[in-house]
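The values are calculated or read from the model by the stated rules, or taken from the named source; none is laboratory data. A quick note: this is a predicted structure, and the numbers were derived from the prediction, not measured. Every residue, glycine among them, receives a Cβ derived from its backbone with ideal geometry; neighbour counts consider all protein chains shown.
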């Protein structure tokens, strides 16, 4: 008897969604206050969390500001892009 490998449910149709991260990149055009307020408004961060993410992005060049599935992150990505922030979903 030959055993067959089975794919997870939904994978054969490309329906499996993997967790991703919304990445904020440092830039020289947006103020800390603007970035912090955007993280609070769009990502539902508390003030301290938003401040920490802004500082990490500033000093390290980038910071993962939100984790989730593509469908959850895409509207946040679009709004942050619309506001002039440099972001990606990885």
- line: residue 59 fails exactly one of (1) assigned to a helix (DSSP H, G or I); (2) surrounded by 10 or more Cβ atoms within 10 Å (Cβ to Cβ); (3) modelled with pLDDT of 95 or more, namely (2)
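Quick check on my filter: what residues within the stretch 73-90 are within 9 Å of the chain's Cα centre (by Cα) and either surrounded by 13 or more Cβ atoms within 10 Å (Cβ to Cβ) or under 16 Å from residue 44 (Cβ atoms) (or both)?
Narrowing the stretch 73-90 to residues within 9 Å of the chain's Cα centre (by Cα): 73-74, 76-77, 87-90.
Once the filter is applied, which keeps residues that are within 9 Å of the chain's Cα centre (by Cα) and either surrounded by 13 or more Cβ atoms within 10 Å (Cβ to Cβ) or under 16 Å from residue 44 (Cβ atoms) (or both), the stretch 73-90 yields 73, 74, 76, 77, 87, 88, 89.
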statement: Scanning the stretch 43-66 residue by residue, those in contact (Cβ under 8 Å) with a residue 40 or more places away in the chain and in contact with a helix residue (DSSP H, G or I) (Cβ under 8 Å, 6 or more places away or on another chain) turn out to be 63, 65, 66
